[in-house]
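All remarks here apply to the structure that follows.
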Amino acid sequence: MTLQDYIESSILPMYDSFDAGHGQDHVRSVIAESLRMAQFYDVKSDMVYAAAAYHDTGLTAGRETHHLESGRIIRADVNLKRWFTPGEIETVAQAAEDHRASSDHEPRSIYGRIVAEADRQIVPDLVIKRSVQYGMAHFPGHDREWHWNRVVEHMHEKYDNGGYLKLWIPQSENASSLAALREIIHDEARLRALFDKYYL
């Protein structure tokens, strides 16, 4: 069995139980973008692939500490010893732990920077859609206006000028996409139209 066979059969199906913004479409996109950016660096593509594939597996234990739980899952997965040394497994685990946009520290390795950058997925429509879907999945008891206000607050807190989101890889397209997203954030009518599009 190859690493890809194992991840396809045993790891990626975990994402089927997560919210709509963190399903298999999301993880496959993060994997593809991570591998694309990895070409610009002296890294092992299998390690990048594994870190990207596992990065959100910790959602099995909830949102708040999912990045730390992802690292625990990687360290506990004895199957990874078939393909990686203990040191490589630790690097993969740290990369998963460091991917979160709200992390209080920079990624500890280039692997963490690559996965963190790929996870940003700053496609304005997609960012707003995922924010709406997350709210609907996790706060179903609230009305439309509550969800609208949550999305607005989240957009400013994370993506606006001075927001906590950081970009790490210059070969990423996220910088120009972030500028486009900020234009929408500052145009309430456009933001509201997209919110209404995805609030079902």
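The values are calculated or read from the model by the stated rules, or taken from the named source; none is laboratory data. Being a predicted model, the structure only gives us computed values, none of them experimental. Here Cβ is always computed from backbone atoms with ideal geometry, including for glycine, and neighbour counts include all displayed protein chains. For the accessible areas, the whole protein counts, side chains as well, though only heavy atoms, and no ligand, DNA or RNA atoms are used. Shrake-Rupley method; radii C 1.70, N 1.55, O 1.52, S 1.80 Å.
Listing for the model above:
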read-out: Pairs of lysine residues in the chain - Cα separation under 25 Å, sequence separation of 8 or more or cross-chain; value: 7
read-out: Whole-percent carbon and sulfur share, accessible surface of the stretch 154-200, 1.4 Å; value: 50 percent
read-out: For residue 174, net neighbour charge (Lys/Arg +1, Asp/Glu -1) across residues whose Cβ lies under 14 Å away; value: +2
read-out: Largest to smallest principal axis extent of the C-alpha atoms in the chain, angstrom; value: 52, 36, 27
read-out: ³J(HN,Hα) computed for each position of the stretch 148-165 - Karplus, 6.51 cos²θ - 1.76 cosθ + 1.60, integer Hz, glycine/proline x; value: 4, 5, 5, 4, 4, 4, 5, 4, 5, 5, 9, 9, 6, 3, x, x, 7, 5
read-out: Average accessible area per residue (Å²) across the chain - probe 1.4 Å, nucleic acids and ligands excluded; value: 48 Å²
read-out: Burial order of peptide ranges 88-96, 34-42, 67-75 (average beta-carbon count within 10 Å, highest first); value: 88-96, 67-75, 34-42
